[in-house]
Amino acid sequence: MKILMALVVISSILVSCTMKPENQRLSKTRPPIAGTWQLISGTTIEKGDTVVTYYTQKMSFIKIINDTHFAFLKHDVKKGKDSSVVFDAGGGRYSFTDSLYVEHLEYCSEREWEGNDFTFKAIIKGDTLIQTGREKVDRMGVDRLNIEMYIRVKS
């Protein structure tokens, strides 16, 4: 009986040492777009007008993308201590297939943007992400081409 009990204990130990944790067993290959990205520049073209914004001078903007969701955060670099005060945040689910990146904006500090899908062509070259797509929100009268260039944030 002691030998049987010892075999059960040893077998349990061996099985537990070789089993992967639940999150490793269920994980799939991470999409190449997953990571933290810092927005460097954005270009919007709307009604023939082109506006280029550099997000490294007066504000900071990051996008965090995991396996299923994205989130973005934008704020002024003066920490709200002058007239350049800005804070925007949002996020939701996304899909990424080949170079087609679609964001479903579920949460946003500017609530009128919520519930919309935005489709982008995403090109990743090394540590650079360029996404190009149309932002259209009929109820706000927004219809513009948006081109954004990000760099991957190193940990």
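Assorted remarks:
- Extreme residue, nearest to Ala122 (Cα to Cα), among residues of the stretch 65-96 that are of a type in the set (Asp, Glu) and touching a strand residue (DSSP E or B) at 6+ places or on another chain (Cβ under 7 Å): Asp88
- Candidates Asp98, Asp82: the one that is at pLDDT below 95, closer than 17 Å to Arg30 by Cα, of a type in the set (Asp, Glu) and more than 14 Å from the chain's Cα centre (by Cα) is Asp98.
- Number of positions in the stretch 42-96 that are over 21 Å from Trp113 (Cα atoms) and in contact with a Phe, Trp or Tyr (Cβ under 9 Å, 6 or more places away or on another chain): 1
- From Arg25, Arg30, residue being within 14 Å of the chain's Cα centre (by Cα) and at pLDDT below 90: Arg30
- From the list Glu135, Glu112, the one residue that fits, being farther than 17 Å from Gly42 by Cα and of a type in the set (Asp, Glu), is Glu112.
- Being over 18 Å from Lys121 (Cα atoms), in contact with an Asp or Glu (Cβ under 9 Å, 6 or more places away or on another chain) and not β-branched (Val, Ile, Thr) is a condition met by at least one residue of the stretch 28-38.
The values are calculated or read from the model by the stated rules, or taken from the named source; none is laboratory data. Predicted model only: the values in this text are computed from it and were never measured. Please note: Cβ atoms are built from the backbone with ideal geometry, for glycine as well, and neighbour counts cover all protein chains shown.
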